[in-house]
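Below is one structure, written out as structure tokens; the observations come after it.
The values are calculated or read from the model by the stated rules, or taken from the named source; none is laboratory data. Here the structure is a predicted model, which means the values were calculated and not measured. Counting neighbours? That spans all protein chains shown, and the Cβs are built from the backbone with ideal geometry, glycine included.
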Amino acid sequence: MSLRNCRNVKVLEVSPVGQLKRPDEFFEIKLEYPDWDGWKPGQFVMIRPAGWELDLLWARPFSICSADGDTLTLFVQKVGRGTGRIVALKPGDTVSIWGPLGNSFAMEPEIPTLLLAGGIGIAPFCGYVEQHPHPENLRLFLAHRLSLDCYPFAALSERVEGVCMRDDQPEDLQKIIAVMKEQIVEYAAKDGLILSCGPTPFMKTVQRFAAECGVRAQVSLENRMACGVGACLGCVTKDGSGHHVQVCTRGPVFWADKVEL
């Protein structure tokens with residue numbers, strides 16, 4: 001993948017998700033579908049609006065939420081100046097997009113698979129559920145801080161078994177961790193597969209419990225990225241051997257026992 005794979009596409013729709021009226025609102029952004037040969041759940045794209053010029057230099061990475069032959073859908077949380085400008089885009093605006101980038105989650109249709117999402121880490125699991133040939137073998141667990149209607153949990157729980165817990169009070173975190181451990185233990189007993197995406201502390205917890213239980217697990221990292229193609233070295237992490245690797249090209253999905261968190 002290189003910037004020669006960059007495409008200019010039009011914004012089709014930008015819609016707020018949920019009822020929040022605060023700086024960290026969530027948005028669903030629909031773009032024209034680039035002329036890709038295909039994509040896999042867990043991959044991501046880099047987005048840079050044409051109007052940024054040199055005011056905001058670097059593109060922003062987003063997990064692919066879903067895509068078909070007409071539309072590419074992203075799930076975006078407004079957390080800073082760059083994402084604030086992106087969610088302010090209007091239909092007809094042009095963005096530069098390169099992707100699909102990185103690797104993808106393992107998909108083993110006959111294996112019981114637990115999807116562990118922390119907050120906006122639910123985004124790549126939308127496409128995973130859509131593409132999975134046996135969604136009855138999936139269970140989704142969402143730990144979230146904001147109101148549940150800010151996340152696409154309801155739509156996913158119509159297709160797969162879904163469990164959610166809100167981190168709202170000081171005592172909630174330990175309850176969430178306890179339930180995560182129970183579920184990981186359950187899937188270890190089934191020789192299942194654990195897939196996770198979310199903030200680093202969330203995935204450290206998944207990594208620790210997966211190692212204790214001896215169950216296969218993957219983690220999708222949310223490191224800051226500037227180029228998405230391995231050139232800037234801004235997203236490096238250490239693999240299981242202590243070597244520095246680029247998350248954008250070697251990840252963002254890693255086997256939990258092959259990466260340092």
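Taking the stretch 63-87 as the range and being assigned to a loop (DSSP other than H, G, I, E, B) and touching a residue at least 40 places away in the same chain (Cβ under 8 Å) as the test, the residues that pass are 64, 65, 78, 79. Applying the set (1) of a type in the set (Lys, Arg); (2) surrounded by 15 or more Cβ atoms within 10 Å (Cβ to Cβ); (3) touching a His at 6+ places or on another chain (Cβ under 7 Å) to residue 216 leaves exactly one unmet item: (3).
Inspect all residues belonging to the stretch 127-147 and state whether any of them is part of a loop (DSSP other than H, G, I, E, B) and touching a residue at least 60 places away in the same chain (Cβ under 8 Å). The answer is yes, given that some residue of the stretch 127-147 is part of a loop (DSSP other than H, G, I, E, B) and touching a residue at least 60 places away in the same chain (Cβ under 8 Å). Taken over the stretch 1-25, the residue count meeting the criterion of being of a type outside the set (Gly, Ala, Ser) and at pLDDT below 75 is 10.
Candidates 157, 196: the one that is polar (S, T, N, Q) and out of contact with any Gly (no Cβ under 9 Å at 6 or more places or on another chain) is 157.
Condition check for residue 76 on (1) more than 21 Å from residue 201 (Cα to Cα); (2) not assigned by TED's automatic domain parsing to the domain that holds residue 215: one failure, at (1). The strands (runs of 3 or more DSSP E) located wholly in the stretch 160-261 that include 3 or more residues which are over 23 Å from residue 150 (Cβ atoms) and modelled with pLDDT of 95 or more occupy 216-220. Has the stretch 158-180 got at least one residue that is aliphatic (A, V, I, L, M) and in contact (Cβ under 8 Å) with a residue 60 or more places away in the chain? Scanning the stretch 158-180, I find at least one residue that is aliphatic (A, V, I, L, M) and in contact (Cβ under 8 Å) with a residue 60 or more places away in the chain, so the answer is yes.
Of the residues contained in the stretch 141-149, one or more are found to be crowded, with 22+ Cβ neighbours inside 10 Å, aliphatic (A, V, I, L, M) and either in contact with a helix residue (DSSP H, G or I) (Cβ under 6 Å, 6 or more places away or on another chain) or assigned by TED's automatic domain parsing to the domain that holds residue 203 (or both). Looking only at the stretch 88-122, filter to residues that are in a loop (DSSP other than H, G, I, E, B) and on the phi > 0 side of the Ramachandran plot; which one of those is modelled with the highest pLDDT? Going through the qualifying residues, I end up with 92.
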